[in-house]
């Protein structure tokens, strides 16, 4: 999992691109958590991903579409491959000032 940029400012219409590789078409979900492990946002849920490179975006908003505070956040990609579930994570920073 890669996130570019790793530091971004949602108030300036910036967002982070989250890219990840899938070995074959499988379902995935993408969620954002704070450092305490609380769910902040659901970017994608039960999406049928394509084999190869996949790219999604996070706009720095929470579940209620509010811009999140300055903090470190964890982007989690959850891949469902039959009876196996794989979770890949990467951190990003929202920094408005």
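Bear in mind that the values in this text are calculations on the coordinates, not laboratory data. Because the structure is a prediction, the values reported are computed rather than measured. Because the Cβ atoms are built from the backbone with ideal geometry, glycine has one as well, and the counts that use them run over all protein chains shown.
Please check: in the Gaussian network model of the chain (C-alpha springs, under 10 Å), which one of 84, 31, 64 has the largest mean-square fluctuation.
Per the Cα network of the chain with a 10 Å cutoff, 84 tops the list.
For the pair residue 67/residue 6, report the inter-label distance in nm, with labels modelled 7 Å from Cα in the Cβ direction.
2.3 nm
Taking only the alpha-carbon atoms of the chain, what semi-axes of the equivalent ellipsoid follow from 5 times the gyration tensor eigenvalues under a square root, in whole Å, largest first?
The three semi-axes for the chain are 24, 13, 11 Å.
At a Förster radius of 25 Å, what calculated FRET efficiency corresponds to the Cβ-Cβ distance of residue 96 and residue 38, to the nearest 0.05?
Rounded to the nearest 0.05, the efficiency is 0.80.
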